[in-house]
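Novice: Here it is: the structure, laid out below.
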Amino acid sequence: MINLKSHDDIDLITRGGAIIGGLFREVEGRVVPGVSTSKLDRFCEDYIRSHEGAVPAFKGLYGFPGSVCISINEEVVHGLPSSSRILAERDIVSIDVGVRLEGWCSDSAWTFAVGDIDEETRNLLRVTEDALERAIEAACPGNHVGDIGAAVVSAVEGTGLGIVRELVGHGVGREVHEEPQVPNVGRAGFGPLLREGLVLAIEPMLSTGTDAVRTLEDGWTVITADGSKSAHFEHTVAITAAEPRILTLAPVPTGGVGPFPA
Ligand code: MG
Ligand code: MG
């Protein structure tokens, strides 16, 4: 069942989402060589909990042990924070964060560069972020879920990058994962109709190589099958009569991280 949200519901989701936006702004300067992913995880958890009533929505979700997912280089999603995973110069690090506040969830991910990265990797980040921006633009009433996937495809076409198809976006609300699924490939005009009040996590995942993925023996970490690097950008977005409303932004734009710096 697809649940539509009221204006008040969406305002509440935005309050949690703003915590994630603020967190990404704070965490950017901490994604540096020598830091462990468990230290980043702790920072994220402390930051979220410093806001009254807010908790990390991923902690314990399906049994996930961390507060946030931290995925390095060929890891696409669901990386487990660990004291033995130390960031190195030229890594890219995707941090995927869920917040639950007053019974409502929000979900957003960002891929950060550790120090200087090569041009191919910079391009991967640029195209993935652009794909998210274009996919969000397609999230309008009267369009269909397939228009979102089609927008990702058109943003990626001709770049040689792979679109990870096995993982999808989703509805967000009382639960982190609600219907409908939001694939990153699609045909315009196909799939569930987008209606005002629908809240979706839109989250393209691209790779510099194959679109095939596999899960490591830890049962969580999804990596690209060929070891190529992967990027992941995600916002929680409400479909409104006016324009798509991004709910996971920092409260005051500073020109730092996101949503789409010029
Ligand atoms: Mg996410
Ligand atoms: Mg998500």
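Novice: Among Gly16, His51, Ile117, which residue has its Cα furthest toward the positive end of the charge dipole of the stretch 7-246, with +1 on Lys/Arg Cβ and -1 on Asp/Glu Cβ?
Specialist: Of Gly16, His51, Ile117, it is His51.
Novice: What do the square roots of 5 times the Cα gyration tensor eigenvalues come to for the chain, in whole Å, largest first, as semi-axes of the equivalent ellipsoid?
Specialist: Largest first, the chain gives 26, 22, 16 Å.
Novice: Sticking with this structure for a sec: Dipole magnitude of the stretch 98-178 about its Cα centre, charges +1 at Lys/Arg Cβ and -1 at Asp/Glu Cβ only, in debye to the nearest 20?
Specialist: So the magnitude is around 220 debye.
Novice: If each of Glu102 and Asp118 carries a label point 7 Å out from its Cα toward its Cβ, how far apart are those two points in nm?
Specialist: Rounded to a tenth, the inter-label distance reads 4.9 nm.
Novice: Would you work out the charge dipole size for the stretch 7-246 about its Cα centre, treating the Cβ of every Lys and Arg as +1 and the Cβ of every Asp and Glu as -1, and quote it to the nearest 20 debye?
Specialist: Using only the charged Cβ atoms, the result is roughly 240 debye.
Novice: Given H placed on each backbone N at 1.01 Å, which residues far from Phe112 in sequence or on other chains put an amide H within less than 5 Å of it?
Specialist: Val93, Ser94, Ile95
Novice: Could you quote the convex hull projected area for the stretch 131-206, Cα atoms only and averaged over all directions, in nm²?
Specialist: 4.6 nm²
Novice: What is the set of long-range amide H partners of Met205 at a cut-off below 5 Å, with H atoms built 1.01 Å from backbone N?
Specialist: Val164
Novice: With r as the distance between the Cβ atoms of Asp11 and Glu175 and R0 = 22 Å, compute the FRET efficiency 1/(1 + (r/R0)^6) and round to 0.05.
Specialist: Once the sixth-power term is evaluated, E becomes 0.75.
Novice: Please build a GNM for the chain, connecting alpha carbons under 10 Å apart, and tell me which residue among Leu194, Leu87, Leu125 fluctuates the most.
Specialist: Result: Leu87 has the largest fluctuation of those listed.
Novice: Which order results if Asp41, Asp91, Asp226, Asp107 are arranged by neighbouring Cβ count within 10 Å, fewest first?
Specialist: Lowest to highest Cβ neighbour count: Asp226, Asp91, Asp41, Asp107.
Novice: Compactness ratio of the stretch 41-126: Cα Rg over 2.2 N^0.38 Å, N = residue count?
Specialist: Output field value: 1.17.
Novice: List the GluC sites (Glu not before Pro) within the stretch 10-99 that DSSP assigns to loop and that have no more than 15 neighbouring Cβ atoms inside 10 Å.
Specialist: Glu52, Glu89
Novice: In sequence order, what are the phi-derived ³J(HN,Hα) couplings for the stretch 99-116 according to the Karplus relation 6.51 cos²θ - 1.76 cosθ + 1.60 with θ = phi - 60°, rounded to whole Hz, with x for glycine and proline?
Specialist: The phi angles translate into 10, 10, 9, 6, x, 10, 10, 9, 8, 8, 9, 9, 10, 10, 8, 9, x, 8 Hz.
Novice: What is the order of Met1, Met205, fewest Cβ neighbours within 10 Å to most?
Specialist: Fewest-to-most Cβ neighbours within 10 Å comes out as Met1, Met205.
Novice: In debye, nearest 20, what is the charge dipole magnitude of the stretch 6-78 about its Cα centre with +1 on Lys and Arg Cβ and -1 on Asp and Glu Cβ, if you could check?
Specialist: Using only the charged Cβ atoms, the result is roughly 260 debye.
Novice: A follow-up question, please. Return the long-range amide H neighbours of Val76 (sequence gap of 5 or more, or a different chain), with a cut-off of under 5 Å between placed amide H atoms.
Specialist: Val222, Ile223, Thr224
Novice: Per residue, what volume in Å³ does the convex hull of the Cα atoms of the stretch 80-162 enclose?
Specialist: With only Cα atoms used, the stretch 80-162 gives 139 Å³ per residue.
Novice: Order by neighbour count: Trp220, Trp110, fewest other Cβ atoms within 10 Å first, most last.
Specialist: Lowest count first: Trp220, Trp110.
Bear in mind that the values in this text are calculations on the coordinates, not laboratory data. Owing to the predicted nature of the structure, the values given are computational and were not obtained by experimental measurement. Here the Cβ is made from the backbone with ideal geometry for all residues, glycine too, and neighbour counts use every protein chain on show.
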